[in-house]
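J.: Quick one: the structure is below, questions incoming.
The values are calculated or read from the model by the stated rules, or taken from the named source; none is laboratory data. Remember, predicted model here, so these are calculated numbers, not experimental data. Note that each Cβ is placed from the backbone with ideal geometry, even for glycine, and that neighbours are counted across all protein chains shown.
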Amino acid sequence: MRLRVRVPGKLMLVGEYAVTQEGHPGIVMAVDRYLICTVKSHSQYILELSSPYPALITASTLASILEKVSRHPSLTLVYNSLRLLRTYLEERGRTLAPFHATLRSDLQTPSGIKMGMGSSAAVSIAMIAALTGLEQIALSPSELFKLGSLPHLMTQPDSSCIDVAAATYGGVIYYERFNGHWVSKQLEQGIALHELINQPWPGLHIHTLLGQPALHLVAGWSGQAAYTPDFLHGMHTWQHNQPFLFRQFLERSDEIVNAFARAWTRPSSARLIRAIHRARRVLQFVGNQSHLIIETEAMVKALDAVKFLGGAGKTSGAGGGDMITAWLKNREDIARLRQQWLKYNIMPISLRLSEHGVQQDSLLSQE
C-alpha cells in the first residue's frame, strides 16, 4: 500500500505567548504551504527527509530505526512521534510494520531555514496521520490532535500546540491550551494512549471561526529564524520577575483575541484593524518589559509601512525573526507594500487560507 498525506502550515494571527498559558486564547490560520509525507509498505524501515533536515535512515528493525533516529538532534519530534506510534499500536496488539516514509516540506526556504510557519507541528501530524493510515487505523481529528500534541510536550513541555491544531483542523482556529501538567501526569501514571486521547483534556478549547472581513492578507519573512524555546525562556523569566505586569499582559491579550474573533465572525474591517494595532502594541510592551527583541529594526520599518497605507500589521509567532502579517483595505496597495518590504529585506510570501487541515490526498497505488 502507498499513500500521501498533506499537512498545512500556519500563521499566528493574535495571542502570541499568552496562548502558552492555560485558559488564555490565541487565533491561528492554516495556510496553503504544506508538508507532504508519502509512505508505503516496505521490507525495511526507511525514513527519507528532503528538508528542513536532509536525512536518509535505513534499518531492518523498528528498534534499530528508533535508535538511529535518536542520534539526530534535529529529528527529536520524528523520534518521539515514532515512539508514541509504537506504543499506541502495541496497545492495540499490533506492531508498526516496515515502511518507507518520505517527507518534503514547503514550510522553509530552499536552503532549509525555517520560516515560522509550523513546520515542527506539521512533521508530527504528518508522520502520525500517514503511518496510522498505512496501518488502516482511522483517527478522528480530536484523536489526531491529541496524539500529535504529545511529541511536542515531550520535546518542549510549555508548547501551546496551537500550530498542531492548525495542522489538524485547518481554517482559522480559536484555541485555548489544555492543562499540560494534567496530561504529563497522566502519562507518568501509565495511562494507555488510546484512553488518554479519547477523554476530555482539561482546558482544551478549539473551534473554527467562520467569516472574514474584506481585507487583504500580506505575509513576509524577515530572513532569519526565531528559536521559540529561547523566547519562551525569556518570557518565563519575565513572568517570574514581574508577575503583575505579566498578568496585565495576559488580560490585554485576552481582550484583543476576543475582539479579533468578533471582528472576524461578524465581519468588520475597521474593528479587525483596531484589534491588530492593539495586538502589535501589546507585543511591543512585552518586548520592552522582557527585553526580548520582538520586532527587529527591519520589522519595525516594514510594519510602519503597513500603517502608512491604512492597514495593520504585526509579528506572527515568536517574533525577533520569522514572519510578519499585514492586512490591507485596498488590493492595489499590495504590490506597493511588497516593494517597500523588499527595501527592508523582508521577503513577501504569497499565502492563502487553507480551509482543510491534514488530508490524505489519494491512495496512489496498491503494491
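J.: I'd like to check which strands (runs of 3 or more DSSP E) are fully inside the range 21-67 and have at least 1 residues that are closer than 30 Å to TRP238 by Cα.
T.: Numbers: elements: 25-41, 45-49, 55-59.
Correct list: 25-41.
J.: Still on this structure, I have one more. Just a yes or no: is a residue in the range 154-163 under 24 Å from SER41 (Cα atoms) and touching a Phe, Trp or Tyr at 6+ places or on another chain (Cβ under 7 Å)? Give the derivation first.
T.: Start the filter on the range 154-163 by keeping residues that are under 24 Å from SER41 (Cα atoms), which leaves none.
No - not one qualifying residue is present in the range 154-163.
Yes/no per residue for (1) assigned by TED's automatic domain parsing to the domain that holds GLY190; (2) surrounded by 16 or more Cβ atoms within 10 Å (Cβ to Cβ); (3) within 20 Å of SER120 (Cβ to Cβ):
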position: PRO54; (1), (2), (3): yes, no, yes
position: VAL69; (1), (2), (3): yes, yes, yes
position: SER74; (1), (2), (3): yes, no, yes
position: TYR79; (1), (2), (3): yes, yes, yes
position: THR87; (1), (2), (3): yes, no, no
position: PHE99; (1), (2), (3): yes, yes, no
position: GLN108; (1), (2), (3): yes, yes, yes
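J.: So, in the range 110-134, how many residues would count as being among the β-branched types (Val, Ile, Thr) and either modelled with pLDDT under 85 or surrounded by fewer than 20 Cβ atoms within 10 Å (Cβ to Cβ) (or both)?
T.: The initial filter retains those residues of the range 110-134 that are among the β-branched types (Val, Ile, Thr), namely 113, 123, 125, 128, 132.
The next check asks that each one be either modelled with pLDDT under 85 or surrounded by fewer than 20 Cβ atoms within 10 Å (Cβ to Cβ) (or both); those that pass are 113.
Of the residues in the range 110-134, 1 are among the β-branched types (Val, Ile, Thr) and either modelled with pLDDT under 85 or surrounded by fewer than 20 Cβ atoms within 10 Å (Cβ to Cβ) (or both).
J.: Out of the residues in the range 168-222 meeting the condition of being acidic (Asp, Glu) and farther than 25 Å from ALA259 by Cα, tell me which one is modelled with the highest pLDDT.
T.: Kept after step one, since they are acidic (Asp, Glu), are these residues of the range 168-222: 176, 188, 195.
This time we only want the ones that are farther than 25 Å from ALA259 by Cα, so: 188, 195.
Numbers: GLU188: 93, GLU195: 96.
Looking at residues that are acidic (Asp, Glu) and farther than 25 Å from ALA259 by Cα, I get GLU195.
J.: Turning to a different aspect of this structure: Consider the range 288-332. How many of its residues are over 11 Å from ALA219 (Cα atoms), crowded, with 19+ Cβ neighbours inside 10 Å and either of a type in the set (D, E, K, R) or not assigned by TED's automatic domain parsing to the domain that holds ALA275 (or both)?
T.: Qualifying residue count for the region: 1.
J.: It is to be established whether one or more residues within the range 184-201 are under 17 Å from the mean Cα position of the chain (by Cα), crowded, with 17+ Cβ neighbours inside 10 Å and not polar (S, T, N, Q).
T.: Our first condition is that a residue be under 17 Å from the mean Cα position of the chain (by Cα); within the range 184-201, this holds for none.
Within the range 184-201, not a single residue is under 17 Å from the mean Cα position of the chain (by Cα), crowded, with 17+ Cβ neighbours inside 10 Å and not polar (S, T, N, Q).
Conditions (1) farther than 29 Å from PHE178 by Cβ; (2) of a type in the set (A, V, I, L, M), marked per residue:
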{"position": "TYR45", "(1), (2)": "yes, no"}
{"position": "TYR79", "(1), (2)": "no, no"}
{"position": "GLU91", "(1), (2)": "no, no"}
{"position": "LEU107", "(1), (2)": "no, yes"}
{"position": "SER120", "(1), (2)": "no, no"}
{"position": "ILE137", "(1), (2)": "no, yes"}
{"position": "SER140", "(1), (2)": "no, no"}
{"position": "GLU143", "(1), (2)": "no, no"}
{"position": "GLN156", "(1), (2)": "no, no"}
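J.: Within the range 333-367, track down each residue that is buried (at least 24 other Cβ atoms within 10 Å of the Cβ) and at pLDDT below 95.
T.: Residue satisfying the conditions is ILE346 alone.
A quick yes/no check of all residues on (1) within 13 Å of the chain's Cα centre (by Cα); (2) free of Cβ contacts under 8 Å to residues at least 40 places away in the same chain; (3) part of a helix (DSSP H, G or I):
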{"residue": "ALA138", "(1), (2), (3)": "no, yes, no"}
{"residue": "SER142", "(1), (2), (3)": "no, no, yes"}
{"residue": "PHE145", "(1), (2), (3)": "yes, no, yes"}
{"residue": "MET154", "(1), (2), (3)": "no, no, yes"}
{"residue": "PRO157", "(1), (2), (3)": "no, yes, no"}
{"residue": "VAL164", "(1), (2), (3)": "yes, no, yes"}
{"residue": "THR168", "(1), (2), (3)": "yes, no, yes"}
{"residue": "ILE173", "(1), (2), (3)": "yes, no, no"}
{"residue": "PHE178", "(1), (2), (3)": "no, no, no"}
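J.: Another question, then. Run down SER222, SER140, SER124, SER184 and say which single residue is touching a His at 6+ places or on another chain (Cβ under 8 Å), among the small types (Gly, Ala, Ser) and over 16 Å from LEU353 (Cα atoms).
T.: Sole residue among the options that is touching a His at 6+ places or on another chain (Cβ under 8 Å), among the small types (Gly, Ala, Ser) and over 16 Å from LEU353 (Cα atoms): SER124.
J.: Quick check: is even one residue across the range 82-96 touching a residue at least 40 places away in the same chain (Cβ under 8 Å) and of a type in the set (Gly, Ala, Ser)?
T.: No, because not a single residue in the range 82-96 is touching a residue at least 40 places away in the same chain (Cβ under 8 Å) and of a type in the set (Gly, Ala, Ser).
J.: Please verify whether ILE46 is closer than 20 Å to GLY148 by Cα, assigned by TED's automatic domain parsing to the domain that holds PRO8 and surrounded by fewer than 19 Cβ atoms within 10 Å (Cβ to Cβ), treating the condition exactly as stated. Show your work before the answer.
T.: Values: closer than 20 Å to GLY148 by Cα: no; assigned by TED's automatic domain parsing to the domain that holds PRO8: yes; surrounded by fewer than 19 Cβ atoms within 10 Å (Cβ to Cβ): yes.
So ILE46 fails the test.
J.: Between residues in the range 338-363 that are within 20 Å of PHE145 (Cα to Cα) and residues that are assigned to a loop (DSSP other than H, G, I, E, B), which pairs lie under 6 Å by C-beta distance while being six or more apart or on different chains?
T.: Qualifying pairs under 6 Å: SER354/GLY170; GLU355/GLY170; GLU355/GLY171; HIS356/GLY170; GLY357/GLY170.
J.: Right, next: Would you point out which residue out of GLY223, GLY203 is in the same structural domain as GLY116 (by TED's automatic domain parsing), outside any helix (DSSP H, G or I) and closer than 27 Å to THR155 by Cβ?
T.: Numbers: GLY223 fails: in the same structural domain as GLY116 (by TED's automatic domain parsing).
Just one listed residue meets the conditions, GLY203.
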